[in-house]
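Structure first, then comments.
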Amino acid sequence: MTDIQQILQTVVQHLSGGNLHEAEKGCRKVLTVQPENPDALHILGVIAFKVGRLDAARELISKAISLFCNNPSFYTNLGNVHQACNETPEAIAQYQKALALNPENPHAHSNLGVAYKALGLTQKAMENFDAALSRYEKHPDFHTDPGYADCRLNRALIFLVKGNFAAGWPEFEWRFSSSHTPPTFPGGKIWDGTPFPGKTLLVYEEQGHGDTFQCIRFLPMLKELGGHVILEISPALARLVSSFDGFDRLWIKNDAKDTRDLDQFDLKIPMMSLPRLLNTTLDTIPSKVPYLKADDTLTRIWGERLSGGRGMKVGVCWAGSPANKNDRNRSIPLSAFSELVSVPGVRLFSLQLEKYDRWTDTDPANIFELDLGEEISDFADTAAILANLDLLISVDTSVVHLAGALGAKVWTLIPFVPDWRWLLDREDSPWYPGMRLFRQKGRGEWKQVFRQIRAALTQASNQG
């Protein structure tokens, strides 16, 4: 083995172990001797991709391909760069080149499935996920490969968005072995869904606030199985859910200091696993609303804040957290809502807490009668505001789940490729009877959606 090969072998070990700094040092050492070494250039491109330097990643990996065009990993990783840049057709072309060189590459099949899924081509996506799984399973240690778990999880999301919950829920459990493992809770045994008289069950959040609002409805069903239920919740939700009749004790999550008593529960379960354990189907979703309630005193206080003036009171949220990997598809530039400003008899109010620069492309004062975001301290305030509004219009973020749980009227703006819970090709939601879905007809096409909303809002205002 040459010195260059030894260095590159060490570089790969550093890269696999997450030591990007040492991996980069090794690559640059190789390039001082061989400035056009394709492997070193490729790995530098992968490192650039991992730290979000997408233009540099594209340039480095493309140069590696120009020097050596027969390595399928080069094309797979260039495809990943295109996918991260929302250039899905280009990503598909690169994955197909990788598979032409090595049809047995499970990663290329899986990534191709992700790309087809991003285009809404669920059948092609599933075919590639199945092809990837069959190739992963040829290796004896496939269960330990996060790529295998990612593939199983992506299959779950397709099953769920198609309403096939029986197939989707078990696959959804692979999220705990995936490359984006949600938080888990130490101590206790995982609850298996059976009655637990005389024992204590801890239910804890694992994902976003919207997931909590969606699945807290299941807690009263747990109470019917005996024993005691502890709910661990984020501080932003604590005041709102404190009166919810579905648990015996409330723990407030403290990210700065772990104060949880691990010996005070026997069993544990993450909240998003409850639908599986309770055998939830489209027909058995507990859809009676409201199951959350705004505080009466807060509702009165916010009612006074919103009093005065006549017309239909409509709340708006235009962006979710940028940490969500689908944020570029679900969030909408604020200026798009200017379409609604001139609807007669409508008063618009902002409920947006964070004014993310990417999406706040106009002064909120140009759109809204009042910007309430800076006055909201937690979801108890948001719930009280919603109790005083006639309608919420929002992108797919936690506030639509809250509105749905409160039984409030809500119109949710859904991207062309929806989150699994909104299913496909329907305007209603089995999770929330008071919700109406407005869907894109093509990727990024919000203008048609806002024309629909304007027409519906005009009609609602006239009827009011």
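For segment 123-182, give me each residue that is hydroxyl-bearing (S, T, Y) and either assigned by TED's automatic domain parsing to the domain that holds E104 or in a helix (DSSP H, G or I) (or both).
The initial filter retains those residues of segment 123-182 that are hydroxyl-bearing (S, T, Y), namely 134, 136, 144, 148, 177-179, 181.
Within segment 123-182, S134, Y136, T144, Y148, S177 qualify.
What about K288, is it touching a Lys or Arg at 6+ places or on another chain (Cβ under 9 Å) and not in a loop (DSSP other than H, G, I, E, B)?
no
For segment 291-309, indicate whether the set of residues that are more than 25 Å from G407 (Cα to Cα) and hydrophobic (A, V, I, L, M, F, W, C) is non-empty.
No, segment 291-309 contains no residue that is more than 25 Å from G407 (Cα to Cα) and hydrophobic (A, V, I, L, M, F, W, C).
Anything in segment 23-55 that is touching a residue at least 24 places away in the same chain (Cβ under 8 Å), within 19 Å of S66 (Cβ to Cβ) and of a type outside the set (A, V, I, L, M)? List them, or say none.
Q34, E36, N37, P38, D39, H42, G45, F49
When you go through L222, L240 one by one, which is the residue that is under 24 Å from the mean Cα position of the chain (by Cα), within 23 Å of P433 (Cβ to Cβ), surrounded by 14 or more Cβ atoms within 10 Å (Cβ to Cβ) and of a type outside the set (K, R)?
L240
Across segment 344-368, which residue is nearest to T397 (Cα to Cα) among those that are of a type in the set (S, T, Y) and in a loop (DSSP other than H, G, I, E, B)? Quick ask: steps written out before the conclusion?
Keep residues of segment 344-368 that are of a type in the set (S, T, Y), which gives 350, 356, 360, 362.
After this cut, where a residue has to be in a loop (DSSP other than H, G, I, E, B) as well, the list is 356, 360, 362.
Numbers: Y356: 14, T360: 16, T362: 21 Å.
Top of the filtered list is Y356.
Taking only segment 280-322 into account, find how many residues are farther than 24 Å from L348 by Cα, of a type outside the set (V, I, T) and surrounded by 18 or more Cβ atoms within 10 Å (Cβ to Cβ).
Final tally of qualifying residues: 2.
Results for (1) more than 21 Å from the chain's Cα centre (by Cα); (2) on the phi > 0 side of the Ramachandran plot, shown as yes or no for each residue.
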site	(1), (2)
F68	yes, no
F74	yes, no
L78	yes, no
T88	no, no
G120	no, yes
D130	yes, no
L133	yes, no
E137	yes, no
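State yes or no: is Q448 part of a helix (DSSP H, G or I), modelled with pLDDT of 95 or more and within 23 Å of G311 (Cβ to Cβ)?
Numbers: part of a helix (DSSP H, G or I): yes; modelled with pLDDT of 95 or more: yes; within 23 Å of G311 (Cβ to Cβ): no.
No: the conditions fail for Q448.
Can you name the number of the only condition in (1) aliphatic (A, V, I, L, M); (2) assigned by TED's automatic domain parsing to the domain that holds L402; (3) within 25 Å of the chain's Cα centre (by Cα) that I301 fails?
Of the numbered conditions (1) aliphatic (A, V, I, L, M); (2) assigned by TED's automatic domain parsing to the domain that holds L402; (3) within 25 Å of the chain's Cα centre (by Cα), the odd one out for I301 is (3).
The values are calculated or read from the model by the stated rules, or taken from the named source; none is laboratory data. Quick caveat: nothing in here was measured; it's all calculated off a predicted structure. Here Cβ is always computed from backbone atoms with ideal geometry, including for glycine, and neighbour counts include all displayed protein chains.
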